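Working notes, beginning with the structure itself.
The values are calculated or read from the model by the stated rules, or taken from the named source; none is laboratory data. Remember, predicted model here, so these are calculated numbers, not experimental data. Cβ sites come from the backbone with ideal geometry, for glycine too, and all protein chains shown count toward neighbours. Remember, those area values only see protein heavy atoms, side chains included, never the ligands or the DNA or RNA. Shrake-Rupley method; radii C 1.70, N 1.55, O 1.52, S 1.80 Å.
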Amino acid sequence: MRFEAFAVLGRGVLGALERLGRAHLLLFAILAGSGEVLRHPRLLFEQIYNVGVLSLLIVGVSGLFVGMVLGLQGYYVLAQFGAAESLGIMVAASLVRELGPVVAALLVAGRAGSALTAEIGLMKATEQLAGLEMMAVDPIRRILAPRFYGGVVAMPLLAAIFSAVGVLGGYFVGVGLLGVDDGAYWNQMQAKVDFQEDIVNGVIKSLVFGVAITWVALFQGYDTVPTSEGVSRSTTRSVVHSALLVLGLDFVLTALMFGG
Amino acid sequence: MGKRHTIEVTVGAFVVLGVVALFFLAMQVSNLSQASSGDGYHLTARFSNIGSLKVRSPVTMAGVRIGRVESIGFDKTRYEALVTMRIDAGIDSIPEDTFANIFTAGLLGEQYIGLEPGGSPDFLRDGDEIANTQSALLLEQMIGQFLFKKAGESG
């Protein structure tokens, strides 16, 4: 009784470690079940559709507006130093390095990650997963693995679309509305944005985020308490955890990639 | 069958769109389109001070970029910087007595190597060294010399 505070702390830590362990076991099981995805590519296509195509509109529109805001704000600051011609570098570098992968990942976590959790959670709550097992179909191979790879494939493509649309949005505001020189916008950008350093690193970032988001979403759904309240909680937790994970991973990746 | 087909078509379009976006980023936004294709030949030059010259800095002649700095080393016996540059393969007629300067683009811009052709009929070949070099002008040194001269005049 006297050590109640420690007991609460200990219970919390043990519970978290246990969940972490279960999450890793699930990830290994999914990776072990990768063969099923190759044998039935149609399952994968359906999930790329669910995660990628259905997120396309929100990612595209957000990218356009983020690029336009970057164009406006960047212009106001750079014009004070007489360096408005550098607008292209600022817009492209911040989109390709940070905003593209991170914001697209946050949008996907909200748009597709939550849907994945709710779907898997409901399948578990309505005992569809148990039903599949009864029919000797492994739900991890058949249901989870295609969703995992669908998210991992779709994420870098969505991030690239976000960045590309954002650069065009910045071009529209900077060159079209504010009168930055057309040639300066592109050639300053090309002179300073490096393919290896910026673009490839951005793609690696979004791949990592894709793994993180779909992993969290699938685990929260698979590990849900099979009640309607449990599913709703898991869905919330899926979005919160994947958003925090994306931001935390982004810091680590940025420090590793651009620190040296 | 119809729904399946629609999904396949939209997924295909989505993947194409993503790849196009990546291609756009690679070719239009980054410097990949300007990167040399890897062929070309190497020249070296020693400078007593390279300022803030970096690997991948441009090498120009008459203001046109004809190559890039590939590596920067230190010659510990002569206490000089050893700069290796890769010159584009098409530019194979650089005279032997060419002068290599380190210039600065703008007052605070990045530094680059500017080559000024000499009049020799013999051309530099792969691995040759440019003998005539002029170090980077350091702003601090120039300001120091200027102040020193001013002080000398007034005193």
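Across the residues of A:193-200, average count of Cβ atoms on other protein chains within 10 Å? Display every interim value, and only then the final one.
Numbers: counts 7, 5, 10, 4, 3, 4, 7, 3.
Taking the mean over all residues of the peptide, I get 5.
What's the longest uninterrupted piece of chain A once you rule out the chymotrypsin sites (Phe, Trp or Tyr not before Pro) that are loop residues per DSSP with at most 11 other Cβ within 10 Å? All intermediate terms of the calculation are to be shown ahead of the outcome.
On the way: sites that count: A:Phe3, A:Phe81.
Here the longest run is A:82-260.
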> How high is the relative contact order of chain A, in percent, with contacts defined as C-alpha pairs under 8 Å that are six or more residues apart?
Replying inline: 32
>> List the lysines whose Cα sits under 23 Å from the Cα of A:Lys205, skipping any in the same chain fewer than 8 residues away.
In response: A:Lys192
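Checking understanding here: applying a Kyte-Doolittle mean of at least 1.0 and a length along the axis of at least 27 Å (C-alpha), which whole DSSP H helices in chain A pass?
Values: long enough: A:4-32 (42 Å, 1.19); A:56-80 (36 Å, 1.70); A:145-171 (40 Å, 1.34); A:201-222 (31 Å, 1.22); A:228-258 (44 Å, 0.93).
For chain A, where a helix must reach 27 Å along its axis and average at least 1.0, the hits are A:4-32, A:56-80, A:145-171, A:201-222.
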> Hey, what number do you get for chain A at 222 nm if only DSSP H runs of n ≥ 4 count, each worth -39500 (n - 2.57), divided across all residues, to the nearest 500?
Replying inline: -25500 deg cm²/dmol
> Which value does Rg/Rh take for chain B over its C-alpha atoms, Rh per Kirkwood?
Replying inline: 1.25
>> Going by amide H atoms built from the backbone, whose H comes under 5 Å of the H on B:Ile66, apart from near neighbours?
In response: B:Val59, B:Thr60, B:Met61
>> If Rh is defined by the Kirkwood formula over all Cα pairs and Rg also comes from Cα, what ratio Rg/Rh do you get for the stretch A:17-258?
In response: 1.07
> How would B:Ile102, B:Ile143 rank on accessible area, largest to smallest, probe 1.4 Å?
Replying inline: B:Ile143, B:Ile102
> Put +1 on the Cβ of each Lys and Arg and -1 on the Cβ of each Asp and Glu in the stretch A:1-132; which of A:Pro101, A:Leu43, A:Leu9 then has its Cα farthest toward the positive end of the dipole?
Replying inline: A:Leu9
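Is there a simple number for the mean count of other chain Cβ atoms within 10 Å of the Cβ of residues in A:153-163, and what is it? Could you put the intermediate results ahead of the total?
Working: counts 4, 4, 1, 3, 9, 4, 4, 10, 9, 1, 5.
Average per residue, whole number: 5.
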> Quick one: Debye curve from the C-alpha atoms of the protein assembly as shown, no solvent, what's log10 I(q)/I(0) at q = 0.14, 0.15 Å⁻¹?
Replying inline: -1.19, -1.28
> Any idea what the relative contact order of the stretch B:36-138 is, in percent, if you count C-alpha pairs under 8 Å spaced at least 6 apart?
Replying inline: 36
> Which residues' amide hydrogens lie under 5 Å from the amide hydrogen of B:Gly51, considering only partners 5 or more residues apart or on another chain, with H built in the peptide plane?
Replying inline: B:Ala136
